[in-house]
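All remarks here apply to the structure that follows.
The values are calculated or read from the model by the stated rules, or taken from the named source; none is laboratory data. Since the model is a prediction, treat every value here as computed from it, not as a measurement. When we count neighbours, we look across all protein chains shown, and the Cβ atoms used for this are built from the backbone with ideal geometry, even at glycine. Areas reflect the complete protein model, heavy atoms only, side chains present, ligands, DNA and RNA absent. Shrake-Rupley method; radii C 1.70, N 1.55, O 1.52, S 1.80 Å.
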Amino acid sequence: ASLELRPALTLLACAIVLAPPASAGKTYLSAGIEFSRGDYGEPTSTDSIYSFAGIRHVEGPWSFRATIPFLWSSGPASVPGDDGDVFGTGLGDQTASGLGDLSLGVARAFTLEEDDLYLDIAGRLRFPTGDEDKGFSTGALDGSLTATLTKVWDAFEAYVEVGRRFNGDHAGFHRADGWTISAGGAYTTEDKLEFGASLDWREATVDFVQDPVELYAYVAFPVDDRVRLTGYMTTGVSGDAADYSVGISASWRIN
(Lines give C-alpha, C1' and ligand atoms only; values in the text may rest on other atoms or scores of the structure.)
Protein backbone atom coordinates (compact mmCIF):
# COMPACT_ATOMS: atom_id res chain seq x y z
CA ALA A 1 0.00 0.00 0.00
CA SER A 2 1.07 3.58 -0.49
CA LEU A 3 2.89 5.19 2.41
CA GLU A 4 0.02 7.52 3.29
CA LEU A 5 -2.27 4.49 3.77
CA ARG A 6 0.04 2.70 6.22
CA PRO A 7 -1.19 4.63 9.30
CA ALA A 8 -4.83 3.89 8.40
CA LEU A 9 -4.11 0.19 7.95
CA THR A 10 -2.23 0.12 11.25
CA LEU A 11 -5.16 1.76 13.06
CA LEU A 12 -7.53 -0.77 11.47
CA ALA A 13 -5.32 -3.60 12.72
CA CYS A 14 -5.41 -2.16 16.25
CA ALA A 15 -9.19 -1.77 16.11
CA ILE A 16 -9.64 -5.38 15.01
CA VAL A 17 -7.34 -6.75 17.71
CA LEU A 18 -8.25 -4.45 20.60
CA ALA A 19 -12.04 -4.13 20.17
CA PRO A 20 -13.31 -7.09 22.22
CA PRO A 21 -16.93 -8.03 21.48
CA ALA A 22 -19.40 -8.34 24.32
CA SER A 23 -20.48 -11.79 25.44
CA ALA A 24 -24.12 -11.46 24.37
CA GLY A 25 -23.39 -11.85 20.66
CA LYS A 26 -23.14 -14.92 18.46
CA THR A 27 -19.89 -16.73 17.65
CA TYR A 28 -19.33 -18.95 14.62
CA LEU A 29 -16.56 -21.39 13.73
CA SER A 30 -16.01 -22.10 10.05
CA ALA A 31 -13.91 -24.35 7.85
CA GLY A 32 -13.75 -25.17 4.17
CA ILE A 33 -11.75 -26.54 1.27
CA GLU A 34 -11.53 -25.51 -2.38
CA PHE A 35 -9.78 -26.91 -5.45
CA SER A 36 -8.92 -24.63 -8.38
CA ARG A 37 -7.05 -24.80 -11.67
CA GLY A 38 -5.81 -22.03 -13.95
CA ASP A 39 -2.78 -20.80 -15.89
CA TYR A 40 -2.97 -17.18 -14.57
CA GLY A 41 -0.93 -15.90 -17.53
CA GLU A 42 1.68 -18.66 -17.28
CA PRO A 43 2.41 -21.19 -20.06
CA THR A 44 1.30 -24.13 -17.84
CA SER A 45 -1.56 -24.54 -15.37
CA THR A 46 -1.36 -24.45 -11.59
CA ASP A 47 -3.52 -26.72 -9.43
CA SER A 48 -4.16 -25.44 -5.93
CA ILE A 49 -6.09 -26.38 -2.80
CA TYR A 50 -7.21 -23.65 -0.42
CA SER A 51 -8.42 -24.85 2.97
CA PHE A 52 -9.13 -22.64 5.95
CA ALA A 53 -10.27 -22.40 9.54
CA GLY A 54 -11.92 -19.27 10.88
CA ILE A 55 -13.89 -17.66 13.67
CA ARG A 56 -16.46 -14.86 13.44
CA HIS A 57 -18.23 -12.98 16.21
CA VAL A 58 -21.38 -10.94 15.58
CA GLU A 59 -22.34 -8.27 18.09
CA GLY A 60 -25.34 -6.22 16.99
CA PRO A 61 -24.37 -4.45 13.75
CA TRP A 62 -20.68 -5.31 14.20
CA SER A 63 -18.84 -8.45 13.20
CA PHE A 64 -15.22 -9.51 13.74
CA ARG A 65 -13.47 -12.23 11.78
CA ALA A 66 -10.15 -14.11 11.75
CA THR A 67 -9.12 -16.66 9.10
CA ILE A 68 -5.98 -18.74 8.62
CA PRO A 69 -5.53 -20.83 5.45
CA PHE A 70 -3.58 -23.98 4.70
CA LEU A 71 -2.47 -24.14 1.06
CA TRP A 72 -1.24 -26.70 -1.43
CA SER A 73 -0.21 -25.94 -4.99
CA SER A 74 1.45 -27.59 -7.95
CA GLY A 75 2.60 -25.36 -10.78
CA PRO A 76 4.35 -22.04 -11.49
CA ALA A 77 1.86 -19.56 -10.00
CA SER A 78 1.76 -17.94 -6.57
CA VAL A 79 -1.47 -18.69 -4.62
CA PRO A 80 -1.24 -16.49 -1.52
CA GLY A 81 -4.84 -16.37 -0.35
CA ASP A 82 -8.57 -16.15 -0.87
CA ASP A 83 -8.96 -12.91 -2.83
CA GLY A 84 -8.01 -14.19 -6.27
CA ASP A 85 -4.60 -12.48 -6.29
CA VAL A 86 -2.89 -15.34 -8.14
CA PHE A 87 -0.07 -14.74 -10.61
CA GLY A 88 3.16 -16.17 -11.93
CA THR A 89 6.24 -15.14 -9.97
CA GLY A 90 9.07 -16.84 -11.83
CA LEU A 91 9.21 -19.59 -9.21
CA GLY A 92 9.06 -22.32 -11.85
CA ASP A 93 6.99 -25.47 -11.53
CA GLN A 94 6.96 -26.68 -7.96
CA THR A 95 4.74 -28.58 -5.54
CA ALA A 96 4.45 -27.19 -2.03
CA SER A 97 2.17 -26.98 0.99
CA GLY A 98 1.98 -24.85 4.12
CA LEU A 99 0.20 -22.10 5.99
CA GLY A 100 -0.91 -18.95 4.19
CA ASP A 101 -1.45 -15.35 5.26
CA LEU A 102 -3.51 -14.61 8.38
CA SER A 103 -6.55 -12.42 7.66
CA LEU A 104 -8.38 -10.23 10.20
CA GLY A 105 -11.55 -8.32 9.40
CA VAL A 106 -14.21 -6.08 10.90
CA ALA A 107 -17.57 -5.08 9.40
CA ARG A 108 -20.45 -2.73 10.27
CA ALA A 109 -24.01 -3.26 9.00
CA PHE A 110 -26.48 -0.41 8.44
CA THR A 111 -30.21 -0.97 7.95
CA LEU A 112 -32.63 1.23 5.98
CA GLU A 113 -35.78 -0.67 6.91
CA GLU A 114 -38.25 1.61 5.14
CA ASP A 115 -36.66 0.72 1.79
CA ASP A 116 -35.54 -2.86 2.58
CA LEU A 117 -32.01 -1.68 1.86
CA TYR A 118 -28.93 -2.82 3.77
CA LEU A 119 -25.42 -1.43 3.63
CA ASP A 120 -22.34 -3.27 4.90
CA ILE A 121 -18.94 -1.60 5.27
CA ALA A 122 -16.05 -4.00 5.81
CA GLY A 123 -12.30 -3.72 6.29
CA ARG A 124 -9.71 -6.46 6.19
CA LEU A 125 -5.98 -6.80 6.83
CA ARG A 126 -3.88 -9.69 5.57
CA PHE A 127 -0.62 -10.32 7.39
CA PRO A 128 2.36 -12.01 5.64
CA THR A 129 2.48 -15.15 7.79
CA GLY A 130 2.83 -17.57 4.86
CA ASP A 131 6.02 -18.74 3.15
CA GLU A 132 6.83 -16.33 0.33
CA ASP A 133 9.36 -18.75 -1.22
CA LYS A 134 6.55 -21.28 -1.70
CA GLY A 135 4.28 -18.64 -3.23
CA PHE A 136 1.94 -18.73 -0.21
CA SER A 137 2.38 -15.12 0.87
CA THR A 138 2.44 -11.72 -0.74
CA GLY A 139 5.29 -10.85 1.61
CA ALA A 140 3.61 -7.61 2.63
CA LEU A 141 0.78 -6.21 4.71
CA ASP A 142 -2.31 -5.97 2.47
CA GLY A 143 -5.60 -4.25 3.25
CA SER A 144 -9.03 -3.85 1.70
CA LEU A 145 -12.22 -1.86 2.19
CA THR A 146 -15.60 -2.84 0.70
CA ALA A 147 -19.11 -1.42 0.62
CA THR A 148 -22.04 -3.74 -0.16
CA LEU A 149 -25.57 -2.49 -0.87
CA THR A 150 -28.33 -5.13 -0.71
CA LYS A 151 -32.00 -4.84 -1.71
CA VAL A 152 -34.46 -7.44 -0.40
CA TRP A 153 -37.81 -8.50 -1.90
CA ASP A 154 -39.31 -11.24 0.30
CA ALA A 155 -37.36 -14.42 -0.59
CA PHE A 156 -35.14 -12.74 -3.19
CA GLU A 157 -32.27 -10.31 -2.73
CA ALA A 158 -29.83 -8.55 -5.03
CA TYR A 159 -26.60 -6.79 -4.21
CA VAL A 160 -23.74 -4.78 -5.63
CA GLU A 161 -20.34 -4.54 -3.95
CA VAL A 162 -17.49 -2.12 -4.60
CA GLY A 163 -14.10 -2.58 -2.97
CA ARG A 164 -10.60 -1.21 -2.96
CA ARG A 165 -7.49 -3.28 -2.23
CA PHE A 166 -4.34 -1.69 -0.82
CA ASN A 167 -1.37 -3.88 -1.65
CA GLY A 168 2.21 -3.98 -0.50
CA ASP A 169 4.98 -4.83 -2.95
CA HIS A 170 6.00 -8.39 -3.60
CA ALA A 171 9.74 -9.14 -3.51
CA GLY A 172 11.07 -8.17 -6.91
CA PHE A 173 8.09 -6.30 -8.35
CA HIS A 174 5.44 -3.70 -7.60
CA ARG A 175 1.84 -4.64 -6.77
CA ALA A 176 -0.62 -1.85 -7.49
CA ASP A 177 -3.72 -1.03 -5.48
CA GLY A 178 -6.89 -2.05 -7.30
CA TRP A 179 -10.69 -1.95 -7.45
CA THR A 180 -13.12 -4.84 -7.19
CA ILE A 181 -16.77 -4.94 -8.28
CA SER A 182 -19.32 -7.73 -7.76
CA ALA A 183 -23.03 -7.96 -8.56
CA GLY A 184 -25.33 -10.84 -7.79
CA GLY A 185 -28.47 -12.19 -6.21
CA ALA A 186 -29.86 -14.97 -4.04
CA TYR A 187 -33.16 -16.79 -3.52
CA THR A 188 -34.20 -18.56 -0.31
CA THR A 189 -36.87 -21.26 -0.33
CA GLU A 190 -39.36 -22.03 2.44
CA ASP A 191 -37.09 -24.91 3.48
CA LYS A 192 -34.23 -22.41 4.02
CA LEU A 193 -32.31 -23.57 0.95
CA GLU A 194 -30.41 -20.63 -0.52
CA PHE A 195 -29.32 -20.37 -4.16
CA GLY A 196 -27.14 -17.54 -5.39
CA ALA A 197 -24.85 -16.34 -8.16
CA SER A 198 -22.63 -13.35 -8.88
CA LEU A 199 -20.32 -11.88 -11.49
CA ASP A 200 -17.02 -10.72 -9.98
CA TRP A 201 -14.38 -8.42 -11.50
CA ARG A 202 -11.00 -7.60 -9.96
CA GLU A 203 -8.43 -5.11 -11.15
CA ALA A 204 -5.13 -6.92 -11.64
CA THR A 205 -2.45 -5.96 -9.13
CA VAL A 206 0.50 -6.59 -11.46
CA ASP A 207 1.12 -5.46 -15.04
CA PHE A 208 1.67 -8.93 -16.49
CA VAL A 209 -1.79 -10.26 -15.49
CA GLN A 210 -5.11 -9.36 -17.14
CA ASP A 211 -8.07 -8.29 -14.99
CA PRO A 212 -9.83 -11.51 -13.91
CA VAL A 213 -13.61 -11.88 -14.29
CA GLU A 214 -15.39 -14.87 -12.72
CA LEU A 215 -18.89 -16.26 -12.50
CA TYR A 216 -19.68 -17.62 -9.03
CA ALA A 217 -22.63 -19.85 -8.03
CA TYR A 218 -23.53 -21.48 -4.73
CA VAL A 219 -26.14 -23.39 -2.78
CA ALA A 220 -26.39 -23.24 1.03
CA PHE A 221 -28.58 -25.23 3.37
CA PRO A 222 -28.96 -25.64 7.13
CA VAL A 223 -28.04 -29.00 8.65
CA ASP A 224 -29.69 -27.92 11.91
CA ASP A 225 -30.21 -24.71 13.90
CA ARG A 226 -26.47 -24.26 14.39
CA VAL A 227 -24.72 -25.78 11.34
CA ARG A 228 -24.87 -24.53 7.76
CA LEU A 229 -23.17 -26.02 4.69
CA THR A 230 -22.35 -24.18 1.47
CA GLY A 231 -21.21 -25.69 -1.82
CA TYR A 232 -19.99 -23.48 -4.64
CA MET A 233 -18.16 -23.29 -7.94
CA THR A 234 -16.59 -20.61 -10.11
CA THR A 235 -15.62 -20.39 -13.76
CA GLY A 236 -13.37 -17.89 -15.44
CA VAL A 237 -15.14 -15.58 -17.88
CA SER A 238 -12.18 -13.52 -19.07
CA GLY A 239 -8.74 -12.31 -18.09
CA ASP A 240 -6.37 -14.38 -15.98
CA ALA A 241 -9.02 -15.90 -13.72
CA ALA A 242 -8.99 -19.53 -12.61
CA ASP A 243 -10.39 -21.84 -15.27
CA TYR A 244 -12.64 -23.25 -12.56
CA SER A 245 -12.85 -23.93 -8.84
CA VAL A 246 -15.12 -26.04 -6.64
CA GLY A 247 -15.43 -25.87 -2.88
CA ILE A 248 -17.45 -26.58 0.23
CA SER A 249 -17.54 -24.79 3.56
CA ALA A 250 -19.31 -25.21 6.89
CA SER A 251 -20.33 -22.70 9.57
CA TRP A 252 -21.15 -23.75 13.15
CA ARG A 253 -22.71 -21.38 15.69
CA ILE A 254 -21.23 -22.20 19.09
CA ASN A 255 -23.35 -19.85 21.24
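Taking Rh as the Kirkwood radius computed over C-alpha pairs, what is the Stokes-Einstein D of the range 107-163 at 25 °C in a medium of viscosity 0.890 mPa s, expressed in µm² per second? Here the translational diffusion coefficient equals 181 µm²/s.
By the rule of a C-alpha distance below 27 Å, with chain neighbours fewer than 8 residues away ignored, the lysines paired with Lys26 are Lys151, Lys192.
Taking Cβ atoms as reference points and 12 Å as the exclusive limit, the residues near Thr27 contribute a net charge of +4, counting Lys and Arg as +1 and Asp and Glu as -1. For Asp39, the amide hydrogen comes within under 5 Å of the amide hydrogens of Thr46, Asp243, counting only partners 5 or more places away or on other chains and with H modelled in the peptide plane. Using the Karplus relation 6.51 cos²θ - 1.76 cosθ + 1.60 with θ = phi - 60°, the per-residue 3J(HN,Hα) values for the range 231-243 come to x, 8, 8, 10, 9, x, 9, 7, x, 9, 7, 4, 4 Hz, with x marking Gly and Pro. Counting only residues at least eight positions apart within a chain, or on another chain, the aspartates and glutamates with an alpha carbon under 19 Å from that of Lys134 are Glu34, Asp39, Glu42, Asp47, Asp82, Asp83, Asp85, Asp93, Asp101, Asp142, Asp169. Its Kirkwood hydrodynamic radius, worked out from the mean inverse distance over all distinct Cα pairs, puts the range 162-255 at 15.4 Å.
Using a probe of 1.4 Å on the protein chains alone, the accessible area found for Leu215 is around 80 Å². Residue separation of Gln210 and Arg226 scaled by 0.36 nm, minus their Cα-Cα distance, works out to 1.7 nm of gained length.
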